[in-house]
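Presented below is the structure to which this report refers.
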Amino acid sequence: MMKKVKKVLVLLTCLAMTLAMMTGCGNGNANQDEVTKVKVTFMRGDVNLGTVETEAGKTLEASSYAAYETAEDATFLGWFGTPTYLEASKQDLATATFSEDTTLYGCFQSTQVTEDTRVWYIVGASSKGALAESAWAGSVDDTVKAKFQLTATGNATNEFSITLDLYAGDQFQVIHDWQWNEQHGFGYLEEYDASQFENGGGLSGSDNGSNVNVVADGNYTITLTTNPDDAAMDKIVIVRNGDAAAAEEIVVEEPKFELKENTGVKVKGSWVADWSELKDLTKVSEGVYEITMDLAAGTELYFSVFEGDADTGFGLKAENVVDDASKALLKEAYNVTVAEDGTYTFTVDLNAYTISVAK
(Lines give C-alpha, C1' and ligand atoms only; values in the text may rest on other atoms or scores of the structure.)
Protein backbone atom coordinates (compact mmCIF):
# COMPACT_ATOMS: atom_id res chain seq x y z
CA MET A 1 0.00 0.00 0.00
CA MET A 2 2.82 2.34 0.89
CA LYS A 3 4.44 1.79 -2.49
CA LYS A 4 1.24 2.79 -4.27
CA VAL A 5 0.96 5.97 -2.18
CA LYS A 6 4.55 6.87 -2.99
CA LYS A 7 3.94 6.31 -6.69
CA VAL A 8 0.83 8.53 -6.53
CA LEU A 9 2.79 11.24 -4.72
CA VAL A 10 5.57 11.09 -7.28
CA LEU A 11 3.08 11.34 -10.14
CA LEU A 12 1.31 14.27 -8.48
CA THR A 13 4.65 16.05 -7.90
CA CYS A 14 5.69 15.56 -11.53
CA LEU A 15 2.29 16.79 -12.68
CA ALA A 16 2.58 19.88 -10.50
CA MET A 17 6.06 20.63 -11.84
CA THR A 18 4.87 20.16 -15.41
CA LEU A 19 1.93 22.51 -14.84
CA ALA A 20 4.27 25.07 -13.26
CA MET A 21 6.61 24.89 -16.22
CA MET A 22 3.73 25.22 -18.65
CA THR A 23 2.39 28.18 -16.71
CA GLY A 24 5.83 29.76 -16.74
CA CYS A 25 6.13 29.26 -20.48
CA GLY A 26 2.67 30.71 -20.91
CA ASN A 27 3.74 33.85 -19.06
CA GLY A 28 6.87 34.10 -21.18
CA ASN A 29 4.85 33.94 -24.38
CA ALA A 30 2.49 36.56 -23.02
CA ASN A 31 5.46 38.91 -22.43
CA GLN A 32 6.75 38.22 -25.90
CA ASP A 33 3.36 39.15 -27.31
CA GLU A 34 3.50 42.61 -25.73
CA VAL A 35 3.89 45.27 -28.42
CA THR A 36 6.32 48.19 -27.93
CA LYS A 37 4.93 51.45 -29.24
CA VAL A 38 7.12 54.33 -30.41
CA LYS A 39 6.31 57.85 -31.57
CA VAL A 40 7.72 59.53 -34.66
CA THR A 41 7.45 63.34 -34.60
CA PHE A 42 7.58 65.30 -37.86
CA MET A 43 9.02 68.83 -37.90
CA ARG A 44 9.34 71.64 -40.43
CA GLY A 45 11.86 73.98 -38.91
CA ASP A 46 10.48 74.86 -35.47
CA VAL A 47 6.93 73.85 -36.43
CA ASN A 48 5.63 70.51 -35.15
CA LEU A 49 3.66 69.02 -38.05
CA GLY A 50 2.37 66.06 -36.05
CA THR A 51 3.20 62.73 -34.46
CA VAL A 52 2.58 59.17 -35.64
CA GLU A 53 2.53 56.20 -33.28
CA THR A 54 3.75 52.86 -34.60
CA GLU A 55 5.08 49.51 -33.46
CA ALA A 56 8.81 49.29 -32.85
CA GLY A 57 10.59 47.64 -35.74
CA LYS A 58 7.80 48.27 -38.24
CA THR A 59 7.64 50.72 -41.12
CA LEU A 60 5.14 53.56 -41.05
CA GLU A 61 1.97 53.53 -43.11
CA ALA A 62 2.47 56.08 -45.89
CA SER A 63 -0.99 57.48 -45.27
CA SER A 64 -0.04 58.38 -41.70
CA TYR A 65 2.52 61.02 -42.72
CA ALA A 66 1.65 61.88 -46.33
CA ALA A 67 -0.03 65.14 -45.30
CA TYR A 68 3.22 66.34 -43.69
CA GLU A 69 5.03 66.20 -47.05
CA THR A 70 2.91 68.82 -48.77
CA ALA A 71 3.28 72.60 -48.60
CA GLU A 72 1.83 75.40 -50.71
CA ASP A 73 5.01 77.44 -50.66
CA ALA A 74 7.68 74.76 -51.02
CA THR A 75 8.75 71.47 -52.56
CA PHE A 76 9.34 68.57 -50.18
CA LEU A 77 12.83 67.05 -50.53
CA GLY A 78 12.93 64.40 -47.81
CA TRP A 79 13.04 63.52 -44.11
CA PHE A 80 16.24 63.79 -42.09
CA GLY A 81 17.34 62.81 -38.62
CA THR A 82 19.10 66.17 -38.09
CA PRO A 83 17.67 69.71 -38.33
CA THR A 84 20.57 70.67 -40.62
CA TYR A 85 19.56 68.00 -43.16
CA LEU A 86 22.84 66.07 -43.11
CA GLU A 87 22.78 63.70 -46.07
CA ALA A 88 23.91 60.78 -43.89
CA SER A 89 20.81 61.23 -41.71
CA LYS A 90 18.28 61.07 -44.58
CA GLN A 91 15.48 58.58 -43.96
CA ASP A 92 13.57 56.54 -46.54
CA LEU A 93 10.26 56.01 -44.77
CA ALA A 94 9.31 53.22 -47.15
CA THR A 95 11.93 51.03 -45.44
CA ALA A 96 12.92 52.84 -42.22
CA THR A 97 11.99 51.32 -38.85
CA PHE A 98 12.21 52.86 -35.39
CA SER A 99 13.09 51.28 -32.05
CA GLU A 100 12.54 54.41 -29.94
CA ASP A 101 10.77 57.76 -30.05
CA THR A 102 12.26 59.70 -32.97
CA THR A 103 12.10 63.22 -34.40
CA LEU A 104 12.37 63.72 -38.15
CA TYR A 105 13.00 67.05 -39.90
CA GLY A 106 11.40 67.79 -43.25
CA CYS A 107 13.53 69.50 -45.86
CA PHE A 108 11.38 71.89 -47.91
CA GLN A 109 12.75 73.97 -50.77
CA SER A 110 10.88 77.23 -51.08
CA THR A 111 9.29 77.89 -54.45
CA GLN A 112 9.98 81.59 -53.91
CA VAL A 113 13.63 81.84 -52.93
CA THR A 114 14.94 85.27 -51.93
CA GLU A 115 17.63 86.58 -54.26
CA ASP A 116 21.10 86.28 -52.75
CA THR A 117 22.82 89.64 -53.16
CA ARG A 118 25.91 88.65 -51.16
CA VAL A 119 29.28 88.31 -52.89
CA TRP A 120 30.82 84.87 -52.37
CA TYR A 121 34.54 84.01 -52.39
CA ILE A 122 36.76 80.99 -51.98
CA VAL A 123 39.58 81.68 -49.52
CA GLY A 124 42.27 79.55 -47.95
CA ALA A 125 45.91 78.58 -48.06
CA SER A 126 48.23 76.88 -50.53
CA SER A 127 51.92 76.09 -50.78
CA LYS A 128 52.02 76.25 -54.57
CA GLY A 129 48.72 77.50 -56.00
CA ALA A 130 46.94 80.82 -56.49
CA LEU A 131 44.81 80.19 -53.39
CA ALA A 132 47.76 81.39 -51.31
CA GLU A 133 46.98 84.96 -52.43
CA SER A 134 43.61 84.88 -50.70
CA ALA A 135 45.43 84.68 -47.34
CA TRP A 136 42.35 83.31 -45.58
CA ALA A 137 40.45 86.52 -46.38
CA GLY A 138 43.29 88.66 -45.13
CA SER A 139 43.92 92.28 -46.00
CA VAL A 140 44.24 92.27 -49.81
CA ASP A 141 43.20 94.68 -52.53
CA ASP A 142 40.08 94.34 -54.67
CA THR A 143 42.06 93.01 -57.63
CA VAL A 144 43.11 89.97 -55.60
CA LYS A 145 39.60 89.50 -54.21
CA ALA A 146 38.21 89.39 -57.75
CA LYS A 147 40.37 86.34 -58.53
CA PHE A 148 38.50 84.33 -55.90
CA GLN A 149 34.94 85.55 -56.47
CA LEU A 150 32.25 83.04 -57.36
CA THR A 151 29.99 84.28 -60.14
CA ALA A 152 26.35 83.56 -60.91
CA THR A 153 25.98 80.60 -63.29
CA GLY A 154 22.58 81.58 -64.68
CA ASN A 155 21.54 77.92 -64.43
CA ALA A 156 19.48 78.26 -61.26
CA THR A 157 18.47 80.81 -58.65
CA ASN A 158 21.33 81.71 -56.32
CA GLU A 159 23.83 79.36 -57.97
CA PHE A 160 27.44 80.60 -58.03
CA SER A 161 30.65 78.92 -59.20
CA ILE A 162 34.37 79.29 -59.72
CA THR A 163 36.90 77.17 -61.60
CA LEU A 164 40.51 77.06 -60.45
CA ASP A 165 43.54 74.84 -59.94
CA LEU A 166 43.87 73.28 -56.49
CA TYR A 167 46.79 71.26 -55.14
CA ALA A 168 47.17 68.54 -52.54
CA GLY A 169 47.63 70.21 -49.17
CA ASP A 170 45.52 73.26 -50.05
CA GLN A 171 42.80 74.23 -47.58
CA PHE A 172 39.77 76.40 -48.23
CA GLN A 173 36.31 77.58 -47.25
CA VAL A 174 33.67 79.66 -49.00
CA ILE A 175 32.67 82.97 -47.40
CA HIS A 176 30.58 85.97 -48.37
CA ASP A 177 31.62 89.62 -48.55
CA TRP A 178 35.19 88.79 -47.47
CA GLN A 179 33.99 88.18 -43.91
CA TRP A 180 34.01 85.09 -41.68
CA ASN A 181 30.45 85.12 -40.41
CA GLU A 182 28.35 82.29 -41.92
CA GLN A 183 31.40 80.58 -43.44
CA HIS A 184 30.68 77.54 -45.63
CA GLY A 185 33.09 74.68 -45.04
CA PHE A 186 33.23 70.91 -45.36
CA GLY A 187 29.77 70.34 -43.88
CA TYR A 188 28.16 71.98 -46.91
CA LEU A 189 29.76 69.59 -49.43
CA GLU A 190 26.95 67.56 -50.98
CA GLU A 191 28.70 66.04 -53.96
CA TYR A 192 32.44 65.41 -53.94
CA ASP A 193 35.00 62.62 -54.35
CA ALA A 194 36.48 61.47 -51.02
CA SER A 195 39.75 60.68 -52.80
CA GLN A 196 40.01 64.37 -53.72
CA PHE A 197 38.72 66.19 -50.60
CA GLU A 198 38.49 65.57 -46.85
CA ASN A 199 37.43 67.28 -43.65
CA GLY A 200 40.30 69.47 -42.46
CA GLY A 201 38.80 70.64 -39.16
CA GLY A 202 38.68 74.26 -38.08
CA LEU A 203 37.88 76.68 -35.30
CA SER A 204 34.10 76.41 -35.16
CA GLY A 205 33.69 72.94 -33.69
CA SER A 206 31.23 72.18 -36.51
CA ASP A 207 31.67 70.46 -39.86
CA ASN A 208 29.89 73.40 -41.48
CA GLY A 209 32.77 75.63 -40.41
CA SER A 210 35.54 73.09 -40.98
CA ASN A 211 38.21 73.57 -43.63
CA VAL A 212 38.07 71.57 -46.84
CA ASN A 213 41.40 69.80 -47.38
CA VAL A 214 42.50 69.09 -50.95
CA VAL A 215 43.86 65.56 -51.30
CA ALA A 216 44.49 65.42 -55.06
CA ASP A 217 45.78 68.04 -57.51
CA GLY A 218 43.29 69.07 -60.16
CA ASN A 219 41.37 71.73 -61.97
CA TYR A 220 38.04 71.97 -60.15
CA THR A 221 34.72 73.75 -60.53
CA ILE A 222 33.19 74.62 -57.18
CA THR A 223 29.45 75.39 -57.31
CA LEU A 224 27.58 76.93 -54.40
CA THR A 225 23.77 77.06 -54.21
CA THR A 226 22.25 79.23 -51.47
CA ASN A 227 18.95 80.04 -49.82
CA PRO A 228 19.25 83.30 -47.84
CA ASP A 229 16.16 82.38 -45.83
CA ASP A 230 17.45 78.96 -44.75
CA ALA A 231 21.22 78.38 -44.70
CA ALA A 232 20.62 74.68 -43.96
CA MET A 233 19.53 74.39 -47.59
CA ASP A 234 22.86 75.68 -48.91
CA LYS A 235 25.12 73.17 -50.65
CA ILE A 236 28.49 72.94 -52.39
CA VAL A 237 29.20 70.62 -55.29
CA ILE A 238 32.77 70.07 -56.56
CA VAL A 239 33.62 68.56 -59.95
CA ARG A 240 37.12 67.75 -61.20
CA ASN A 241 37.62 68.90 -64.79
CA GLY A 242 41.16 67.61 -65.35
CA ASP A 243 44.76 68.06 -64.26
CA ALA A 244 46.04 71.21 -62.63
CA ALA A 245 48.83 73.20 -64.22
CA ALA A 246 52.33 72.37 -63.03
CA ALA A 247 53.32 74.64 -60.15
CA GLU A 248 56.37 75.15 -57.99
CA GLU A 249 56.40 75.16 -54.22
CA ILE A 250 55.88 78.61 -52.74
CA VAL A 251 58.18 79.54 -49.88
CA VAL A 252 55.87 80.75 -47.12
CA GLU A 253 57.52 82.95 -44.51
CA GLU A 254 56.67 82.45 -40.88
CA PRO A 255 54.17 85.02 -39.65
CA LYS A 256 55.87 88.02 -38.16
CA PHE A 257 54.57 90.64 -35.81
CA GLU A 258 56.06 93.08 -33.35
CA LEU A 259 55.60 92.38 -29.67
CA LYS A 260 54.08 95.39 -27.96
CA GLU A 261 53.32 96.37 -24.39
CA ASN A 262 49.66 95.42 -24.85
CA THR A 263 50.31 92.15 -26.76
CA GLY A 264 48.49 89.23 -25.19
CA VAL A 265 47.18 85.75 -25.95
CA LYS A 266 43.66 84.40 -25.54
CA VAL A 267 42.35 80.86 -26.04
CA LYS A 268 38.95 79.62 -27.16
CA GLY A 269 37.77 76.08 -27.64
CA SER A 270 35.15 73.39 -27.76
CA TRP A 271 34.50 73.42 -24.00
CA VAL A 272 31.74 75.80 -25.15
CA ALA A 273 29.61 74.48 -28.00
CA ASP A 274 29.82 77.68 -30.06
CA TRP A 275 33.46 78.46 -29.15
CA SER A 276 32.28 81.85 -27.87
CA GLU A 277 34.28 81.98 -24.61
CA LEU A 278 37.75 83.53 -24.62
CA LYS A 279 40.18 82.94 -21.75
CA ASP A 280 43.24 85.15 -21.15
CA LEU A 281 46.69 83.62 -20.79
CA THR A 282 48.98 85.07 -18.13
CA LYS A 283 52.18 86.78 -19.26
CA VAL A 284 55.15 85.11 -17.53
CA SER A 285 57.97 86.78 -19.44
CA GLU A 286 58.50 88.82 -22.59
CA GLY A 287 56.48 87.10 -25.33
CA VAL A 288 55.65 84.04 -23.18
CA TYR A 289 52.15 83.33 -21.86
CA GLU A 290 50.59 80.47 -19.85
CA ILE A 291 47.25 79.06 -18.81
CA THR A 292 46.25 75.97 -16.78
CA MET A 293 42.90 74.34 -17.52
CA ASP A 294 40.88 71.27 -16.50
CA LEU A 295 39.80 69.66 -19.77
CA ALA A 296 37.86 66.63 -20.94
CA ALA A 297 39.35 64.25 -23.50
CA GLY A 298 38.85 65.52 -27.04
CA THR A 299 38.57 69.21 -26.12
CA GLU A 300 39.90 71.41 -28.95
CA LEU A 301 41.72 74.73 -28.41
CA TYR A 302 42.89 77.61 -30.59
CA PHE A 303 45.18 80.40 -29.37
CA SER A 304 44.85 83.96 -30.74
CA VAL A 305 47.24 86.90 -30.45
CA PHE A 306 45.66 90.17 -29.31
CA GLU A 307 46.78 93.76 -28.96
CA GLY A 308 44.59 94.98 -26.16
CA ASP A 309 41.05 93.97 -27.14
CA ALA A 310 41.86 93.77 -30.86
CA ASP A 311 42.48 90.40 -32.50
CA THR A 312 45.63 90.70 -34.63
CA GLY A 313 44.64 87.78 -36.87
CA PHE A 314 47.65 85.74 -35.79
CA GLY A 315 46.80 82.38 -34.29
CA LEU A 316 48.44 79.18 -33.07
CA LYS A 317 47.09 75.65 -33.44
CA ALA A 318 48.32 72.05 -33.49
CA GLU A 319 51.04 72.69 -36.07
CA ASN A 320 52.68 75.06 -33.57
CA VAL A 321 53.22 72.20 -31.10
CA VAL A 322 56.68 70.98 -32.11
CA ASP A 323 58.18 69.02 -29.20
CA ASP A 324 57.50 65.29 -28.86
CA ALA A 325 56.59 65.42 -25.16
CA SER A 326 53.79 67.88 -25.87
CA LYS A 327 52.58 66.01 -28.96
CA ALA A 328 52.27 62.82 -26.88
CA LEU A 329 49.53 64.49 -24.82
CA LEU A 330 47.48 65.44 -27.87
CA LYS A 331 45.41 63.86 -30.59
CA GLU A 332 46.40 64.45 -34.20
CA ALA A 333 44.06 67.23 -35.36
CA TYR A 334 43.90 70.72 -36.83
CA ASN A 335 43.41 72.36 -33.45
CA VAL A 336 45.28 71.58 -30.23
CA THR A 337 43.21 68.60 -29.02
CA VAL A 338 43.87 66.90 -25.67
CA ALA A 339 43.89 63.10 -25.69
CA GLU A 340 42.69 62.43 -22.13
CA ASP A 341 40.83 64.04 -19.25
CA GLY A 342 43.16 66.05 -17.03
CA THR A 343 44.67 69.33 -15.91
CA TYR A 344 46.84 70.85 -18.63
CA THR A 345 49.23 73.79 -18.73
CA PHE A 346 49.73 75.45 -22.12
CA THR A 347 52.70 77.73 -22.71
CA VAL A 348 52.64 79.98 -25.77
CA ASP A 349 55.99 81.45 -26.82
CA LEU A 350 55.47 84.23 -29.35
CA ASN A 351 59.22 84.59 -29.79
CA ALA A 352 59.41 81.11 -31.33
CA TYR A 353 55.71 80.94 -32.30
CA THR A 354 55.28 77.62 -30.48
CA ILE A 355 52.98 75.96 -27.96
CA SER A 356 54.19 73.52 -25.32
CA VAL A 357 51.89 71.32 -23.24
CA ALA A 358 52.30 69.78 -19.77
CA LYS A 359 49.93 67.57 -17.78
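The values are calculated or read from the model by the stated rules, or taken from the named source; none is laboratory data. Note that the structure is predicted; figures quoted are calculated from it, not measured. We place every Cβ from the backbone using ideal geometry, glycine too, and count neighbours over all the protein chains shown.
Against the conditions (1) within 30 Å of Y192 (Cα to Cα); (2) surrounded by 14 or more Cβ atoms within 10 Å (Cβ to Cβ), G45 satisfies every one except (2). Looking for something without any contact (Cβ under 8 Å) to a residue 12 or more places away in the chain, surrounded by fewer than 14 Cβ atoms within 10 Å (Cβ to Cβ), within 30 Å of E55 (Cα to Cα) and over 23 Å from the mean Cα position of the chain (by Cα) - is there at least one such residue anywhere in segment 70-90? Checked against the condition, which is being without any contact (Cβ under 8 Å) to a residue 12 or more places away in the chain, surrounded by fewer than 14 Cβ atoms within 10 Å (Cβ to Cβ), within 30 Å of E55 (Cα to Cα) and over 23 Å from the mean Cα position of the chain (by Cα), segment 70-90 yields at least one hit. Is segment 197-213 home to any residue that is more than 25 Å from T337 (Cβ to Cβ) and either in contact with a Cys (Cβ under 8 Å, 6 or more places away or on another chain) or not assigned by TED's automatic domain parsing to the domain that holds T84 (or both)? For segment 197-213, residues more than 25 Å from T337 (Cβ to Cβ) and either in contact with a Cys (Cβ under 8 Å, 6 or more places away or on another chain) or not assigned by TED's automatic domain parsing to the domain that holds T84 (or both): absent.
The set of residues in segment 91-132 that are charged (D, E, K, R) and surrounded by fewer than 16 Cβ atoms within 10 Å (Cβ to Cβ) comprises D92, E100, D101, E115, R118. The single residue among V144, V140 that is outside any strand (DSSP E or B), surrounded by 15 or more Cβ atoms within 10 Å (Cβ to Cβ) and free of Cβ contacts under 8 Å to residues at least 24 places away in the same chain turns out to be V140. Per the listing S126, S134, the residue uniquely free of Cβ contacts under 8 Å to residues at least 60 places away in the same chain and on the phi < 0 side of the Ramachandran plot is S134. In the set (1) on the phi > 0 side of the Ramachandran plot; (2) more than 19 Å from the chain's Cα centre (by Cα); (3) assigned to a loop (DSSP other than H, G, I, E, B), W275 fails one condition alone, (2).
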